[in-house]
Amino acid sequence: GGPAGGPPAAPPGSDTYKGWLFKWTNYLKGYQRRWFVLSNGLLSYYRTQAEMAHTCRGTINLSTAHIDTEDSCNIVLSNGGRTYHLKANSEVERQRWVTALELAKAKAIRMRNNQSDDSGDEEPASQSDKSELHGPLKTLSSKLEDLSTCNELIAKHGAALQRSLSELENLRLPADSGEKIKAVNERATLFRITSNAMINACRDFLDLAESHSRKWQRLLQHEREQRIRLEETIEQLAKQHNSLERACRGAPGLASGTASISSTAKGSVQSAKGEASDEDEETEYFDAMEDAPAFITVTADPKHHRRSGSNLSGASEGHPEDWNLEDSVFESSNQSSYNESTGKDLLPRKRRRTRIPDKPNYSLNLWSIMKNCIGKELSKIPMPVNFNEPLSMLQRLTEDLEYHELLDKAVKCESSTEQMCFVAAFSVSSYSTTVHRTAKPFNPLLGETYELDRLEELGFRSLCEQVSHHPPAAAHHVYSRRGWTLWQEITIASKFRGKYLSIMPLGAIHLEFHSSGNHYVWRKVTSTVHNIIVGKLWIDQSGEIEIVNHKSKDKCQLKFTPYSYFSRDVPRKVTGVVSDADGKAHYVMSGTWDEKMECSKILHSSHGSTSTEGKQKTVYQTLSPKVLWRKYPLPENAENMYFFSELALTLNEPEERVAPTDSRLRPDQRLMESGRWDEANVEKQRLEEKQRAVRRRREAEAVEALEEGEDYEGYTPLWFERKVDAVTGELICVYKGGYWEAKDKQDWSVCPDIF
């Protein structure tokens, strides 16, 4: 819409609708032309189309908004204390916007109601059940809307017909003509009444179907719980059977009976082989991933699978947790002990701090701050430091490297599937520090950097830079002389929902090994902070991670099971399967994201019976699991030091020769770490206002350049540059070099004054 905007970017029925409208600003400036974007039930506006990349001037939620039309071209949107007075270029354009707004509002209300229905105490149904139940209802709803539209048209045309007939009655016509007109009028009235009755009947039918769907869903949930209990009972019986079998074998004079028992038991598990096995088993069962066939793992005694010259000989007879750096999980012909290759140079050469000042005990009325923040993006809410921890988001990103030795070990793997196991364990280990870390890190200022130079001590050096402010985005690059490079650009999307806070990291993580050229890509899962208003804060991770080796096409599917009060699973459970390019499974991954990850080599797989949900169960026979990663214990007194790990305690330790934009030099963060929170709040407001002034100046320069017909590049990162990634095809910030050279020369002339 608008005089120079041309037609809108999308038809009214689509999910996104864009165009120019005039918005009332004040009595001095009157109506000003603004670019409006309607998406996901939110109407946002910008001064120019170019502003969509960095600055949103305002947003209104349509699910609770009132839409009104004053005259032929005006639209009034009101939501609580916020009101937008808008004007279209023509009546036709106004009608298009009103139609799009009404459709978006209806859809937003439906989504909100669905979310409220799903947030009950009952465990939500699976996606297949939901689609099976709600699919027909959505079809019925759409058909009912079509019928309602037809009904309105019938009523409109019927009223016009009756008016025409009434006008004919008033004319002087022969008597028999008047009778015929009266009969037609009665038939038109009867037709309208019938159509209204039909619409009402359809609406009653839809309401009845919706009420029954909830009943069906409860019945399905009950059946599912019954099935789970039955499976658990069968698991217990199988374990008891194996225990009795082992006890029977150990008793003297019962060898003949043992053979028959063993034959029966093994034939039931390994029927695909067609013969009995004499293996001594201990069975473990893993819950199936939702998007993959269900699987069960059966752990075999490794002493019956020790074959010389085979890569399976790496299985240890000891307890799964007994292995250490010298006892690698995977045996390869030329792989020596880990300590031989990484020995003394991995020992720290510099003594670093092991504690920080204790966290002060300040009381704060959380609700008084949060009640006006519902539905807003977290990065745009002014927060006091009381909710923070004395680290920036750049430092939290660097904290992912706490278990970098997993990647050092992965370099030594000759098999890409073995290497994938270590990469998967590394991807899970990055969440171990979050289990108690409910405080919010500082939002980095635009141009802020953070370096972690451990090249001499640990073999790697890391650099982060805040490359965008709205939306907030950080670029990260790590080089290791042990043979790997990691880079990523992460944008944090966060929403406060009232009871909980959802944090959605967006962007891909890239990892490349220098010698093999294996290039791994994966994305992070969603983090949720619960009990924001009432109760003790706690964090959960949920979702799935797909790790892909773009060279060998190996994949690893990891599932982070969300916490459920009614679930009997271990909390914070993670399961997954590593498969090659042909889809053949090689390893089973299992563990928890806050404690450890284990890996089991698959010896044999077979398809079991089909479950009640129509999914094929796969039985994996594996060697004993080996621990790939275990979380380091927290330092003493960690509960009074923001639950920081040993690495986190050193991240904000002052260092010389760092860039003037380094997070260690941020004054509000340093004051908070020292316990001077009131001064930190004042300093935080000063820094944020300074950043806003720089942004306003940059916007003024952009407007001036636009008026003069010149191109305006906007903010350019210092040490990173945007390129299209050859693997994913996405636009990503990658390290362009120069930082470490500037550090050696102590030439920081390109760094802006942000503190």
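Quick notes on this structure:
- Count of region 459-489 residues which are crowded, with 22+ Cβ neighbours inside 10 Å and of a type in the set (V, I, T): 2
- When residues in region 55-89 are screened for being open to solvent by 70 Å² or more (accessible area, probe 1.4 Å) and in contact with a His (Cβ under 6 Å, 6 or more places away or on another chain), 0 of them pass.
- Members of region 690-700 found to be without any contact (Cβ under 8 Å) to a residue 24 or more places away in the chain and either within 22 Å of E465 (Cβ to Cβ) or hydrophobic (A, V, I, L, M, F, W, C) (or both), listed by number: R692, A693, R697, R698, A700
- All positions within region 569-594 that are in a loop (DSSP other than H, G, I, E, B) and under 21 Å from the mean Cα position of the chain (by Cα): P571, R572, W593, D594
- Hits in region 39-64 (condition: modelled with pLDDT of 85 or more and charged (D, E, K, R)): R47
- Here R497 qualifies as of a type in the set (K, R), open to solvent by 40 Å² or more (accessible area, probe 1.4 Å) and at negative phi.
- Given (1) exposed (fewer than 14 other Cβ atoms within 10 Å of the Cβ); (2) free of Cβ contacts under 8 Å to residues at least 12 places away in the same chain; (3) in contact with an Asp or Glu (Cβ under 8 Å, 6 or more places away or on another chain), index of the condition R218 fails: (2)
- Residue in region 411-419 that is among the acidic types (D, E) and surrounded by fewer than 22 Cβ atoms within 10 Å (Cβ to Cβ) present: yes
- Pick from region 17-37, criterion in contact with a Leu (Cβ under 9 Å, 6 or more places away or on another chain) and open to solvent by 30 Å² or more (accessible area, probe 1.4 Å), ranking: nearest to E102 (Cα to Cα): K18
- The criterion of being basic (K, R) and open to solvent by less than 50 Å² (accessible area, probe 1.4 Å) does not hold for R192.
The values are calculated or read from the model by the stated rules, or taken from the named source; none is laboratory data. Every value quoted in this text rests on a predicted model; they were computed, and no experiment measured them. Neighbour counts run over all protein chains shown; Cβ positions are idealised from the backbone, glycine included. When the accessible area is computed, the model is the full protein with side chains, heavy atoms only, and any ligands, DNA or RNA have been set aside. Shrake-Rupley method; radii C 1.70, N 1.55, O 1.52, S 1.80 Å.
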